[in-house]
């Protein structure tokens with residue numbers, strides 16, 4: 001599926017002009033500050049993610065651990081995957097070659113914008129089946145199926161947007177023809193992200209309603225915290241997708257103030273997404 005942004009971007013400029021001509025020096029500084037703050041938040045998050053990975057791997061290797069479950073296996077998989085990309089983004093800053101730096105940045109931004117919401121959806125599906133089908137939940141989340149789900153999450157961006165790899169703009173630094181490509185891909189990723197996030201919210205609400213109607217015990221502290229993570233995470237992803245789309249919209253309108261604001265908001269929301277998971281895992285640990 002391709003999103004036509006010619007109508008959205010009737011006056012698409014040279015990508016090299018995005019921050020040089022479209023934005024003043026003052027606006028460029030604001031954008032840099034927002035990006036730096038978002039990167040700092042993400043790297044603080046990285047420290048906790050690595051701690052969680054070590055803790056969860058240790059728990060998953062224990063045969064009698066109460067955290068030895070498909071949900072925490074999914075969490076561990078996602079934390080390893082996304083922490084690797086965060087580290088990769090940091091490493092990308094050390095390269096002086098603009099093509100290498102652009103490719104690393106493009107790859108990470110493309111992958112996480114499509115994949116994060118997919119991972120969140122599977123976390124929501126896991127909690128939804130645990131609430132709605134407490135007896136048969138394990139049949140949907142066997143070891144082999146969980147491995148399959150993880151592989152699907154890993155490959156999701158390549159499945160839905162493999163065409164991106166055939167564009168020179170993805171592999172090289174931005175050229176005069178790449179602005180439309182970049183924004184087209186952002187709109188496309190936002191649509192997928194929004195669909196995933198709304199679906200995750202829907203199944204969470206439906207599972208809670210169904211569980212309550214059947215009289216299942218869904219009021220345990222840990223379960224409530226896990227559901228809080230799902231709801232909050234899906235909400236953050238929804239807002240992230242909206243902010244991404246609005247940044248493209250206001251770019252097309254040449255409204256640099258709102259473009260900067262919504263681009264910055266989207267960067268902060270992507271950084272904040274992991275914090276509810278960190279909160280839940282660090283506090284839920286003491287309840288088990």
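No value in this document is a laboratory result; all are computed from the given coordinates. This is a predicted model, so every value here is computed, not measured. Neighbour counts are summed over all protein chains in view; Cβ atoms, including those assigned to glycine, are modelled from backbone coordinates with ideal geometry.
Inter-label distance, residue 55 to residue 212: 3.0 nm, where each label sits 7 Å from its Cα along the C-beta direction.
Summarising the label geometry, the points placed 7 Å from Cα in the beta-carbon direction at residue 96 and residue 147 lie 4.6 nm from one another. In summary, the convex hull built on the alpha carbon positions of segment 31-169 has an orientation-averaged projected area of 10.4 nm².
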